[in-house]
1. Can you give the extra length, in nm with one decimal, that the chain gains between Phe40 and Gln52 once fully stretched, where that is 0.36 nm per residue apart less the Cα-Cα distance?
2. Treating only the Cβ of Lys, Arg, Asp and Glu as charged (+1, +1, -1, -1), what charge dipole size does segment 8-77 show about its Cα centre? Round to the nearest 20 debye.
3. Whole-Hz ³J(HN,Hα) for each residue in segment 9-26, computed from phi via Karplus 6.51 cos²θ - 1.76 cosθ + 1.60 with θ = phi - 60°, x for glycine and proline: what do you get?
4. I need the phi-derived Karplus couplings for segment 64-73: 6.51 cos²θ - 1.76 cosθ + 1.60, θ = phi - 60°, integer Hz, Gly and Pro marked x.
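Rule-based calculations on the coordinates, nothing more; no lab input. Owing to the predicted nature of the structure, the values given are computational and were not obtained by experimental measurement. Quick reminder, even Gly has a Cβ in these numbers, built from the backbone with ideal geometry, and neighbours come from all protein chains shown.
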Amino acid sequence: MADKAVPHFHNQPGLPVIAVGAKEFMCIGALPPFDHPHVFLDMGSETEIICQYCSTLFRYDPKLKPGTAEPAGCVWHDETPDKTAKAA
């Protein structure tokens, strides 16, 4: 399975601000199963955006690599096991 083309970030810790290295990304709110609808956020020419579901303020930091965040724990990776591997 290919990696996500669009980074996904969460705010499980309930932080007021998360710095991100991308201007286009998905916010999932809290971690599953308590996540909100996964929404695409696009900062455009701005450097900040607020998620309309969870009110997290995301701030673009050009020093961060694309797909990374500060704190790093706010990057979401879908760790769902491959169902075909279970069948083997």
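1. Details: separation 12, 0.36 × 12 = 4.32 nm, distance 1.05 nm.
Length difference between fully extended and current span is 3.3 nm.
2. Working: 4 positive and 7 negative charges, 30 e Å.
About 140 debye.
3. Whole-Hz 3J(HN,Hα) from phi for segment 9-26: 10, 10, 10, 4, x, x, 6, x, 9, 10, 8, 10, x, 9, 9, 10, 6, 10.
4. Calculated HN-Hα couplings, in order: 7, 6, x, x, 10, 9, 10, x, 4, x Hz.
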